[in-house]
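Participant: Structure incoming, see below.
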Amino acid sequence: MKYRKDDIMTKKILMISSDHTGHGHKSIAEALKEKIGLDSNIDICVVDGFALGGTSLLKIGKSYGPITRFSGQLWNAIWHFSAMNSILVDKFIEVMIRNNFLELLKKEKPDFILSIHPNFNGSVINILRKEDIQIPFGTLIADLVNIYPLWADPRADFILSPTDEAKEKCIEFGVSEEKIKVVGFPVRERFLENTNNKINKKSTINFLMMSGGEGVGNMSVIAEELLEHFDCTVSIIAGRNEELKIELESSLKGRFGERAQIYGFVTNIQDLMQAADVGILRGSPNVMFEAVATNLPIIITGALPGQEKDNPWFAEKYNLGVFCQNRTDLSSIIEELLANNSERLASIMESQKNFINKHAADDILKLVLNAEKEEYVPVKKKRFSIAYALNK
């Protein structure tokens, strides 16, 4: 989709994302930005919401990687605390980001604000209302099933949901159904350009293993089982976890040689997905949907507690992949996928083709640009409002 002068006047979208809480938020922002084009009349300004809070809040954002990598239980506790104390979290972040956020509005003068991180929904709405700033504000949910109240502030002008399941949770949290649009999950264009037939016609099967941008999970043990029990090659993406990459190279390369390929953080993951026959991964939303976009059948071996808990169930519900709850079942699951000339793999691939919304990024941009400001009574009136200062 191309937006030109003949279609609309120049508009600016301020997108609030995160650079350090996994790679999913960044990939969503990239998927939307690449739809704009250099000669477009739409401008997207993407900011790291944690950076708006200065050093202290940025440190909190950067702690996501180490916490999820080394202590799933701690992350589970943090996630549930935030879910039960969403108003407190909103107020805390509001205080942290307020001054820098208002300066950003003065500088960028956006026509729309889109948040793709839950921590900057209620907090930003608080600021906008207290300052009587009339800019349409919306949320693009980046989780699939287990969303919590921070995603679903009823005061938002619109909420864009990737799934029906997330929409239903928003309604449970008090959001009016007419405010919610199910748009699918946006993925970058290069994941949608796959034309290969991935049903393996050879005796050798190509596995791709990954575990999110942070590289978590017992990948070495799983890789050993695959390489010992199947005529296969295994490519492993360790992500930003350099220690894991070194560990995998040490434990696998000596025994299995070129059959095991170890990568760190990569920027051409779409090529590795398109070259693979089966993906073995964590239930990370963006990785799952990128795999589905490249028509890669997936085996989910785990998920972060909290926001990813039911993602394996989601994959099985729509026949996008299978869930391996116990590592001892992995070999039998793979044998089932390969049985009868890979009949189950073919079934999953067909379901993926029917499920993915290849135009999600287009649909999201159209909805944002058509958004209107909901009427509300300001919390307090300012003698000189920021809205006046912005010349809106």
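Participant: Counting helices only, and only those DSSP H runs with n ≥ 4, report the 222 nm mean residue ellipticity of the chain as the sum of -39,500 (n - 2.57) divided by its residues, in deg cm²/dmol to the nearest 500.
Facilitator: For the chain, the value works out to -12500 deg cm²/dmol.
Participant: Ok, one more. Tell me, what are the semi-axes, in whole angstrom and largest first, of the equivalent ellipsoid of the range 32-158 as set by the roots of 5 times the Cα gyration tensor eigenvalues?
Facilitator: 25, 18, 15
Participant: Which chymotrypsin sites (Phe, Trp or Tyr not before Pro) in the range 202-308 pass both tests, a DSSP loop state and at most 16 other beta-carbon atoms within 10 Å?
Facilitator: 265
Participant: While we're on this one: Considering only the other residues whose Cβ falls under 11 Å of the Cβ of residue 90, what net charge follows from Lys and Arg at +1 and Asp and Glu at -1?
Facilitator: 0
Participant: Which residues does a label at residue 329 reach in the range 283-317, if reach means a backbone N under 16 Å from a point 7 Å past the Cα toward the Cβ?
Facilitator: Correct set: 283, 298-303, 310-317.
Participant: Also: Which of the listed residues, 149, 283, 52, is farthest toward the dipole's positive end in the chain, when Lys, Arg count +1 and Asp, Glu count -1 at the beta-carbon?
Facilitator: 52
Participant: Oh, and also: Give me the dipole magnitude in Debye, nearest 20, for the chain about the Cα centre, with unit charges on the beta carbon: positive for Lys and Arg, negative for Asp and Glu.
Facilitator: That gives the chain a dipole magnitude of about 1440 debye.
Participant: Ok, one more. Which FRET efficiency, nearest 0.05, do residue 271 and residue 355 yield, Cβ-Cβ r, R0 22 Å?
Facilitator: 0.45
Participant: A follow-up question, please. Jot down the per residue volume, in cubic angstrom and as a whole number, of the convex hull over the alpha-carbon atoms of the chain.
Facilitator: Given the Cα convex hull of the chain, per-residue volume reads 138 Å³.
Participant: Can you give me the Kirkwood hydrodynamic radius for the range 189-355, using every pair of distinct Cα atoms, in Å to one decimal?
Facilitator: Here the Kirkwood hydrodynamic radius works out to 15.8 Å.
Participant: Here is a further query. Can you compute the modelled spin-label distance between residue 343 and residue 87, with each label point 7 Å from Cα toward Cβ, in nm?
Facilitator: Output for this residue pair reads 5.7 nm.
Participant: Something else: Of the listed pairs 59/130; 130/309; 169/245; 59/358; 35/253, which have alpha-carbon separations greater than 30 Å here?
Facilitator: 130/309; 169/245; 59/358; 35/253
Participant: Suppose each label sits 7 Å from its Cα in the direction of the beta carbon; what would the residue 43-residue 129 distance come out to in nanometres?
Facilitator: Each label point lies 7 Å from its Cα, and together they span 3.0 nm.
Bear in mind that the values in this text are calculations on the coordinates, not laboratory data. This is a predicted model, so every value here is computed, not measured. Here the Cβ is made from the backbone with ideal geometry for all residues, glycine too, and neighbour counts use every protein chain on show.
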